[in-house]
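Q: My questions will all concern the structure given below.
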Amino acid sequence: MAMASRKPREREMLFDSVIALVFILVACVDLCDGATVVDVYRLIQYDMSGVPFGSRLASLNHHAASLHFSPHADLSRTVLLIPLRELNMSFVKEYIAESKPLGGLIFLLPRMFSFENKDGLGSNNQDESKELLKNVLAELEQILIHANIPYPVYFAFENDNIDAVLTDIKKNDVTGQPATATTGGYKFVVSAPEPKKIVSPAITNIQGWLAGLKANNDAHQLPTIAIVASYDTFGTAPALSVGSDSNGSGIVALLEVARLFSLLYSNPKTRGQYNLLFGLTSGGPYNYNGTRKWLRSFDQRLRESIDYAICLDSIGSWENELWIHVSKPPENAFIKKILEDFSSVADELGFKVNLKHKKINISNPRVAWEHEQFSRLRVTAATLSELSTAPELLENTGGLVDGRHFVNEVAIVRSVKLIAESLARHIYGHQGKNIQIFADNSNLAVNPSYVRSWLNILSRTPRVAPFFSKDDPFVMALKKELEDHTDEVNLHRDVLDGMFTFYDSTRAKLNIYQVASVTFDLLLLLVLGSYLIVLFSFLVITTRGLDDLISLFRRPPSRKVKTA
C-alpha cells in the first residue's frame, strides 16, 4: 500500500516538475533579451496662433533602423536612430516636407553638446569639425521647430551603450533586412503619457534697485538708468535649452554690474546721483512678453525718470566688435550720449562698438529686440549685443548649439568692463576722461571667478519659461543673488499670453530591447517541446511502463460500451 500511494505522489511531482520546467523555459525565451535604458529629450511641442508645430506624440514602441535602411523599406513602423555626425540634411528635409510616414526619429548628439560636458571650457573652440557640427545642428533645429511632425522626435547623447546598439543596427541594415517581428533586431520603447497643454504658463520678472544720493536735500526725483536682461530661453528640446550665450551671458553681466555698483553705492561718498534699476525679465523669446508687462506695471513717475535703459543680449562669443541697437534716431541726445560713452571706453579697451538704428513698426506685433518694448512706451533704450542684425522669431534663443562649450568667458568679462565703465562715466560726469573706476587689480575690478561660476550654473539650467513652476528654485536663486547686491528686490508675476500654447512631456527614458526573430522563437519552442515530450515519455515508461504511456493517449470508452 505504501508503494502504491508513493507512485501517484511521484507521478504528481514529476508532472508538476515538467510543467514548471516548461514555464521556466518559455519565460527564458521571452525575457532573455537584454535591455538598455537611455535618457532622451523630446522635441518641443507648441502651437502658434493655433497652428501646431513640433512633435505631436511622445510614446514609442517600434523597431529601430539606421540611415542604412533599404531604399524600399516601409518605415511607418520604424524608429530611425540618426547620429548628428552622419546626418543627411536632404533626407530630413524630404521626409518632413513631404510628410513621409515614420514611426519616429531619435537624433544622437555628440557629448560636446551636453550641458554636463566640461571639456574645453573657456576656450574659443574654433576647431573646424566642431563648428561644422554646430552649423549642422543649428540648421536642423530651425527645420524641426518650424515643422508639424506627427510622430515622436527625441534627442539623446552618445555613450558606449547606445553606440554599441547603433553599430549592431547598422550591421543588420546592411544585410538589406529591416528589423521586424519576423526578422528580429532592436526595439525602442518610450512609455510616456499623452502631452497636455500647459494652462496659464507663469512668467516672473525680478527687479532690484540701487538708490542714488540726492545732493543738498534736493527734493527733485533723481534720474534712473535701467540695466535689463531677459533670462529665459526657447529651444528644440526644452529640457536641454540652457542658452549659455543667449542669454546666459547677459544675465551674468547684469549680476556682475550690480555687484560692482553695489560696492560704490554702499558708501555715500561714492554713491552717484542716479538711481540704478536692475531687471531680469521673462518671456524674451516670445516678443519680450514679460518685459512689456513689467514696464506697464511701473508708475508714471518711475517710467518718466528713466534717462535710458541698456538691454544686454548675447555678449559671450564675440572677438573685436559689439553692436548697440536703437530705435530712436542717432541724432537723439541720449542716443548720442550712450554711443559716446560706450565708444570711448571700447577704444581704450581695444575693440569697437557700432551703432545700428532700426525703426519700430507699431502695427507689427513682432518685437526683435528687448529695447523696443521700452521704445514703444517712449522710453529711450538700447540693446548691446554681439549680433549685428535682429534674429528672426524663435532664432538665437538658446537652443542646442548654445552651450557652455561655445561661450568665451573672457568676452563676458570685457563686456562687463565696457558696461560698468560707460555707466560710471555717465553717472559721475567723467565723459572724455581716461579714468578707470573698475581697473584691474583694484577693489572694484571685475571678478572673473564670479563670472565663471554663474556662467557654469546657467549652462546647466534649462530655462524655458512655460515649464517653470511658480516658485522655481532657479528664479529664487536669481532673486537671492540680486538681493545680495541691490535693495527693494521684488518679483513681478504674470501669465504668458499671446499667440503661443505649450505642451508638457519634455524628457523620458528610452528602453532598448534586443529581440530575436519570431522564426527563431518558434523553432526554439518546437525543439524544447519535442525534448519535453521525449523526456516525459521516457520518465513515464521507466516508472510506470509502456502500457500506462499508451493509456494516456488512448481514447476513453464511451458510456454505452461500459453499460453493455
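Q: Could you say whether any residue in the range 142-150 is modelled with pLDDT of 85 or more, assigned to a loop (DSSP other than H, G, I, E, B) and either open to solvent by less than 20 Å² (accessible area, probe 1.4 Å) or at positive phi (or both)?
A: Yes, there is a match, as at least one residue in the range 142-150 is modelled with pLDDT of 85 or more, assigned to a loop (DSSP other than H, G, I, E, B) and either open to solvent by less than 20 Å² (accessible area, probe 1.4 Å) or at positive phi (or both).
Q: It is to be established whether one or more residues within the range 413-431 are surrounded by fewer than 16 Cβ atoms within 10 Å (Cβ to Cβ), not aliphatic (A, V, I, L, M) and not in a helix (DSSP H, G or I).
A: For the range 413-431, residues surrounded by fewer than 16 Cβ atoms within 10 Å (Cβ to Cβ), not aliphatic (A, V, I, L, M) and not in a helix (DSSP H, G or I): present.
Q: For the range 313-349, what are the residues that are part of a helix (DSSP H, G or I) and under 26 Å from residue 456 (Cα atoms)?
A: In the first step, residues of the range 313-349 are kept if they are part of a helix (DSSP H, G or I); the result is 333-349.
Within the range 313-349, 349 is the sole residue that qualifies.
Q: Please work out which one of (1) under 22 Å from residue 494 (Cα atoms); (2) touching a residue at least 60 places away in the same chain (Cβ under 8 Å); (3) of a type in the set (Asp, Glu) is the condition residue 307 fails and give its number.
A: (1)
Q: Still on this structure, I have one more. Considering only the range 87-102, I want to know if a residue exists there that is in contact with a strand residue (DSSP E or B) (Cβ under 7 Å, 6 or more places away or on another chain) and at pLDDT 95 or above.
A: no
Q: Shifting gears a bit: Give just the number: which of (1) open to solvent by less than 40 Å² (accessible area, probe 1.4 Å); (2) over 18 Å from the mean Cα position of the chain (by Cα); (3) at pLDDT 95 or above does residue 439 not satisfy?
A: (3)
Q: Please state which of the following conditions residue 279 fails to meet, knowing it meets all the rest: (1) open to solvent by 50 Å² or more (accessible area, probe 1.4 Å); (2) not in a loop (DSSP other than H, G, I, E, B).
A: (1)
Q: Consider residue 451 carefully, then state whether it is open to solvent by less than 40 Å² (accessible area, probe 1.4 Å) and under 20 Å from the mean Cα position of the chain (by Cα).
A: Against the criterion (open to solvent by less than 40 Å² (accessible area, probe 1.4 Å) and under 20 Å from the mean Cα position of the chain (by Cα)), residue 451 does not qualify.
Q: Step by step: first the residues of the range 463-483, then only those that are in contact with a strand residue (DSSP E or B) (Cβ under 7 Å, 6 or more places away or on another chain) and open to solvent by 20 Å² or more (accessible area, probe 1.4 Å), then the one that is modelled with the lowest pLDDT. Which residue is that?
A: So, considering only residues that are in contact with a strand residue (DSSP E or B) (Cβ under 7 Å, 6 or more places away or on another chain) and open to solvent by 20 Å² or more (accessible area, probe 1.4 Å), the one modelled with the lowest pLDDT is 470.
Q: Let me ask something additional. Which of the residues belonging to the range 521-554 are closer than 30 Å to residue 185 by Cβ, modelled with pLDDT under 70 and either touching a strand residue (DSSP E or B) at 6+ places or on another chain (Cβ under 6 Å) or open to solvent by less than 100 Å² (accessible area, probe 1.4 Å) (or both)? Steps first, please.
A: The initial filter retains those residues of the range 521-554 that are closer than 30 Å to residue 185 by Cβ, namely 521-532.
Then drop every residue that is not modelled with pLDDT under 70, which leaves 521-524.
Within the range 521-554, 521, 524 qualify.
Q: Okay, moving on. Pairs under 9 Å by beta carbon, first residue more than 11 Å from residue 204 (Cβ to Cβ) in the range 281-295, partner of a type in the set (Phe, Trp, Tyr) and open to solvent by less than 10 Å² (accessible area, probe 1.4 Å), six or more apart or different chains?
A: Pairs that qualify, where the first residue is more than 11 Å from residue 204 (Cβ to Cβ) and the partner is of a type in the set (Phe, Trp, Tyr) and open to solvent by less than 10 Å² (accessible area, probe 1.4 Å), are 284/231; 284/234; 285/234; 286/234; 288/369; 291/374; 295/374.
Q: Which one is surrounded by the most Cβ atoms within 10 Å (Cβ to Cβ) among residues in the range 377-407 that are among the polar types (S, T, N, Q) and in contact (Cβ under 8 Å) with a residue 40 or more places away in the chain?
A: Restricting to residues being among the polar types (S, T, N, Q) and in contact (Cβ under 8 Å) with a residue 40 or more places away in the chain, the top hit is 385.
Q: Counting only residues that are of a type in the set (Ser, Thr, Tyr) and within 33 Å of the chain's Cα centre (by Cα), which one in the range 315-366 is least open to solvent (accessible area, probe 1.4 Å)?
A: 327
The values are calculated or read from the model by the stated rules, or taken from the named source; none is laboratory data. Bear in mind the structure is a predicted one, so any value in this text is a computation, not a measurement. Every residue, glycine as well, gets a Cβ built from its backbone with ideal geometry; the counts of neighbours run over all protein chains shown. Side chains are part of the model used for accessible areas, which takes the heavy atoms of the whole protein and leaves out ligands, DNA and RNA. Shrake-Rupley method; radii C 1.70, N 1.55, O 1.52, S 1.80 Å.
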